[in-house]
Amino acid sequence: MSGEALRIVVRSLGGPEVMEQERFDPPPPPAGQVLIQTEAIGLNYIDTYFRSGLYPADLPLTLGLEAAGRVVAVGEGVSGFRAGDRVASGTVPGSYTTHWTVPAAQVIALPDTVAAEDAAALMLKGMTACFLAEDILPLKAGQFALVHAAAGGVGSVLVPWLRDKGVKVIAHSGSAAKAATVDADHSLHGDLADLAPAVRDLTEGQGIDIVYDGVGKDSWSASLASVRRRGMIVSYGNASGAVPPVSLLDLSRGGSLFVTRPTMFDYVGTREELERTAARLFDRIERGVVRAAVNQRFALADAADAHRALEARQTTGATVLIP
C-alpha cells in the first residue's frame, strides 16, 4: 500500500490554503482499534473551527470527524468487527483520509439500508440533530422551535426531525433560494434584525419555546428577542463567529431564559449512549424522516475548495468528500 493512502494535513492555522495533501503508509491498527478504508467523508462547519484555531487542537492535524467505509484490518482485542464490514463513525478526529484508524468503541456498524455517502453526510450532523431534538429539552407536539441556518447541514436534518415529533418549526435561512428548500411550518429568510418581530407575529406575541442557533454572533440578538418567557436558547455553533459575552441580566430581562452551549460528545460519552443515538438516527433514515440531501461532492484532494464553498455559504444540505 506504499504511497497509496492520502490524507489532508494542517501544519499551521489559518484559511483553507493551509490544508496540504500528504501521501502515507497506513500502519496496522493498534490494539482496540480498526482501520477503515473510507468511501465518503462528511464536511462540517466544525472542521473550519479546528483549521482556523477557533477550537484548539495539536498540530499537525488531520481534519474531519465523520466518514463511512469498510473495515480493512482490526487490532488485537477487537470483537464485533472484521475486515469487510460496512461501518461509520462521527466522533473521532482525523477523517479527511483514505485510511482512518478509529477506536472500535467509536465505530458503528451500518445497516444495509444506509448508503456510505448518506452515513458520511449524517453521522455527525444527524447525531447532533438527535441530541438537540431529543435530549436537551423534551419538546411536545404543538410547541414552537426556531431553527437558524435551516438549509445547512444540521438544520436540514433538525427541521424534519422536529416536525416528525409534532413540533411547529419556524425556519430561518440566509436567502430566499435556501428558504425555498426548507419544508417547515414557516420558512423565513432575510435580515436577522427582522426575525424576532416575525417570530412574535407567528406565535401570537408569545415567542418560541426553544431556538437552535448554530450561527453564533450574528444571530444572538435575534435569538434572545425571539424566545418566550422561560424559553431556551441552544447555541451549538459559531458559523458567523463566537457569541459575545452573555449578561445574565439579559436572560432575566428576556423572561427568565435558559441558555446551553452543548457539544455532541457530552451526549454520546458512553458506548450505550452512542449506540442509542445512532439507532435513533438510523430509524429516522429508514422511515424517510431524515434524508442525507448530499447536494455537493468534492474530491478529498479538493478539500480546501470545499471549505471555501462552505464558509462562503454557497452550500445547502450536506457536502461529502470522495477519496
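The values are calculated or read from the model by the stated rules, or taken from the named source; none is laboratory data. In this text the structure is predicted, and so the values were computed from the model without any measurement. Note: ideal-geometry Cβ built from the backbone for every residue, glycine included; neighbour counts use all protein chains shown.
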Practice task
Determine whether Gly77 is at pLDDT 95 or above and surrounded by fewer than 24 Cβ atoms within 10 Å (Cβ to Cβ).
Solution key: yes
Problem - Residue count, the range 169-213 (criterion: buried (at least 19 other Cβ atoms within 10 Å of the Cβ) and charged (D, E, K, R)) - result: 3
Completion exercise
Ile136 fails exactly one of (1) outside any loop (DSSP other than H, G, I, E, B); (2) under 30 Å from Thr203 (Cβ atoms), namely (1)
Problem - Tyr55 vs. criteria at pLDDT below 95 and either under 26 Å from Thr316 (Cβ atoms) or over 23 Å from the mean Cα position of the chain (by Cα) (or both) - result: yes
Exercise for the section: Answer yes or no: is there a residue in the range 299-319 that is among the aliphatic types (A, V, I, L, M), touching a residue at least 60 places away in the same chain (Cβ under 8 Å) and exposed (fewer than 15 other Cβ atoms within 10 Å of the Cβ). Expected result: yes
